[in-house]
Each structure stands twice: as structure tokens, then as C-alpha cells.
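The structure appears below as C-alpha cells.
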Amino acid sequence: MRALVLTSSPKEKEYSVTQVLASQFAKGMREAGADVEGYDLTRMNIKHCMGCGACSTVTNGHCIIKDEMTEILYTKFIEADVVVLASPIYFGMLNAVMKNFIERLFPYLDPKQIAKGDMVVQNFRGPFPKIVAISAASWHKSHAFMQMSAYLKYLFDDKLIAELYRGNSDAILFSPVYADKKDEILEAAFKAGEELAKTNAISQDTIEKVSQDLDDLEKVVSLHNLNMKLSQEEKVTIQQYIKNRLHDHGRVLPKSVESFVEYVELFFKPKGEDTDTDFSAQFVFNGDEKKYCFFDIKNGKLTSSMEKSPTADITLKSSFETISAIVGHKASLMEEIMNGRVIVKGKIDELNRVGTYLLME
Ligand SMILES: Cc1cc2nc3c(=O)[nH]c(=O)nc-3n(C[C@H](O)[C@H](O)[C@H](O)COP(=O)(O)O)c2cc1C
């Protein structure tokens, strides 16, 4: 099998979900013996269709534009048995880079129109490859790919043989939270490529593994929102934020008390007996503006507030930066207590649980 893989995400390769999925898919195809070539459309000189109609008339099937579409891709496209179109979803559709490529397929459209009922039909002419679609979107799969899927079916009809869609795409890059799921998804993308090369089809089971839910949607969305908030606080792009997190082994450095509280709420995991016993803790942050937060764990459930509480079992006073550094594993709670940067009052015995459940030590 001869395959052509075309990607259209402008992101750096390892931070683009469509690129990562497409490259796994290509690996799987190669492993199964296919001859695979890949091109990143964002790095190619591909002009837009001028609508001149020369390809329908004077040149009969040949585009007159001189660019890398005519120099490279038309030949590769027509020689391929399968073409993989891997595009991100931008505003509900495959992106403009991919659409631009698709519009340049006009020379392959038979200029002859056929009247069918109240419709005008025009078919592709000559040899035409099978099409596989890969896409990623940050919304849920239930609605993120509707337009793209309908469009590709309308356009390619029975030539479209498989669609691999990955919703909640940003979350799979926020390693290590969904690291296990990410591995499963990438394995499934590899398997999809293998299956296609071996059997000319991709099983429903494999397609579903690629698009499987990561978690409860509320949680995935909260994680997305928290990561957005943290990257706004760090004043970095989401791509840079992900790079920083990978560098810190996924550790988050909250920059505000609000995001610290959200982080604890999102990642609080009761670990059986230890959290069966109720306890509460408050943080008092010194600085220009005094801020507080309070966590109460009852029956393994956590509630929080931005208030101070006279009933807290244990109180920790420090600068917010010190607590943020502990959460980010850049400092340890015990050391910060020893050197006086964190002052503890109340039930000292609860320090271990504060470290484990609230500061993610
Ligand atoms: C301009 C723009 C528009 C987007 N529109 C949507 C959208 O309509 N629906 C959605 O679920 N995600 C949308 N996204 C998010 C991307 O689809 C998502 O980040 C995806 O992972 C991009 O693929 P990539 O990682 O391969 O670049 C949009 C992103 C950008 C930059």
C-alpha cells in the first residue's frame, strides 16, 4: 500500500495532537509494510485556487499554478492508494490550510455535470485515492467534528474510508494527568495505521479507542480551565505552558491563591483510611494583601473556601510564593518550616496530611 499523510496544524510537531496522531498512524502503516510519505502543508508553498477554470477546460485536468502543489503534491496524491488528511478543528471545521489544499483538488473534478432529481452532481475523474481523516479538537467528540465529518462525507463519499477523531485534545497533552490514557490513545492510532495497511479498513474498536473519553467531562473541562488560568498567570502561551510542565514533570506552580485552591480541588484524591478521618487546615498568606484559604476534609470529601476559619485544626502562615514552590516540588514543607518560612499553629500531627493532600508532596 502506498500512503500519503498530509498534516495542517501550524503548531510545533510534538505539541500538535493531529501531528502526533498522524505520525503514530504512519508508523503503524510502515510497520505493516506500507510505503508512507508525509508532508506538513503549513511548511509548503501552496497557493489558493484562483478559480480560473483552466483545469476544467484548456489544460483538461492540470492546474496552471506554479507551486509545490503542482511540483510535488498532485503526483503524490494521484499515486497514493490512501491519503490521510490530518487537520485540527478551527471554528468547527477542518482548518484553512487543509481547506486550501482540498480546493486545489479541482483539476480532479469532472467538469461534466449530471442532473439527479433537484441536484447537480459532479464526480471526481481518473484514479482517486481512498481518504482517511484524522482530527483533534478541544471540545467533546459528540459535537466538535460534526461539520468536518459531514463535509468530508459530502465531498469524498465512498472514498472516505475512516475517520479518527480525538476530542478534549488539549487534555491529552497535559501529561502526566492522563498519561495512561494518552499511551492507550497513541497505541490505538498506531494500530489503526497497521490495520489499514493490512486489511484496507480500521476496526470500530480501534476507532473508539482513539476517541475514548478521558474522564468525567466536568473534570476534563475544569482541568482545561485551570491550565488556561495558570498559563495566563504565568503569561505564557499554552504551548510554552505545556513545555514548562513537561520540564517540571507535570508539576504546576500556582501563581495565585485562587488557582492554588482550584488545583487542590481538582487533584484531591482520597486515599482510603487516611482521609476517612476528618481534618481541616487553613493557610494564611502574608504580603501586601492578606489572603486566606481553608480546606475541610470530611468523610473523604474536600470542600474549600477563601476565608479564614477559627475552627481549623491546623494553620500554616507563610508567603504565597513559598506554598507555590512546595506545590511545584521546588521546596519541601518540612524544610520551609525548619528555616522559618512556614509557621505552623494547631495540630502539628496533621502536617503529614497537609503535605500529602493539600500540597501534593
Ligand atoms: C483558531 C482556532 C479555532 C479553534 N476552534 C475550535 C473549535 O471550533 N472547536 C474545538 O473543539 N476546538 C477548537 N480549537 C482548538 C483546537 O482544535 C485544538 O487545540 C486541537 O488540538 C488543534 O489541533 P493541533 O493540536 O493538531 O493543532 C480551535 C483552535 C484554534 C487555534
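Between the residues Ile134, Val20, Cys52, the greatest Cα displacement towards the positive end of the dipole of the range 2-214, with unit charges on the Cβ of Lys, Arg, Asp and Glu, is found for Cys52. By the rule of a C-alpha distance below 22 Å, with chain neighbours fewer than 8 residues away ignored, the lysines paired with Lys27 are Lys11, Lys13, Lys76, Lys130, Lys181, Lys182, Lys191, Lys198, Lys209. Using a probe radius of 1.4 angstrom, the carbon and sulfur fraction of the accessible surface of the chain is 52%. What the Cβ-Cβ distance of Ile161 and Lys330 gives, at R0 = 41 Å and to the nearest 0.05, is a FRET efficiency of 0.25.
Within a Cβ distance under 14 Å of Ala331, other residues only, what is the Lys/Arg minus Asp/Glu net charge?
Values: positive: Arg251, Lys330, Arg341; negative: Asp248, Glu321, Glu335, Glu336, Glu361.
Within the 14 Å Cβ shell, the charges total -2.
Computed about its Cα centre, the charge dipole of the range 214-361 is approximately 360 debye, with only Lys, Arg, Asp and Glu carrying charge at their Cβ. Expressed as a whole percent, the proportion of Cα-Cα pairs in the chain lying more than 33 Å apart is 45%.
With no solvent and one equal point scatterer placed on each C-alpha of the range 41-106, evaluate the Debye formula and give log10 I(q)/I(0) for q = 0.15, 0.26 Å⁻¹, two decimals. Debye intensities relative to I(0), on a log10 scale: -0.51, -1.26.
Tell me, rounded to the nearest percent, the portion of alpha carbon pairs in the range 191-280 spaced more than 19 Å apart. Summing the P(r) tail past 19 Å for the range 191-280 gives 60 percent. Annotation: amide H of Asn286 within the under-5 Å range of Ser318, Ser319, Phe320, sequence separation 5 or more or interchain, hydrogens built in the peptide plane.
In whole percents, the pair-distance distribution calculated for the range 120-202 from its alpha-carbon pairs, binned every 10 Å from zero, is 15, 39, 32, 12, 3, 0. Report the calculated FRET efficiency for Lys112 and Glu187 (r = Cβ-Cβ distance, R0 = 30 Å), to the nearest 0.05. Using R0 = 30 Å, I get an efficiency of 0.10.
By the Cα gyration tensor, the range 241-336 has an equivalent ellipsoid whose semi-axes, rounded to whole angstrom, run 22, 18, 12 from largest to smallest.
For the range 2-214, the orientation-averaged shadow of the C-alpha convex hull comes to 12.2 nm² (one quarter of the hull surface). For Phe124, nonlocal amide neighbours, meaning residues 5 or more places apart or on other chains whose placed amide H falls under 5 Å from its own, are Asp110. For the chain, the share of DSSP beta bridges that are antiparallel, to the nearest 5, is 45%.
The values are calculated or read from the model by the stated rules, or taken from the named source; none is laboratory data. Everything numeric here is computed off the predicted structure, so don't read it as measured data. Methodologically, a virtual Cβ is constructed for each residue, glycine included, from the backbone with ideal geometry; neighbour enumeration extends over all protein chains shown. Areas reflect the complete protein model, heavy atoms only, side chains present, ligands, DNA and RNA absent. Shrake-Rupley method; radii C 1.70, N 1.55, O 1.52, S 1.80 Å.
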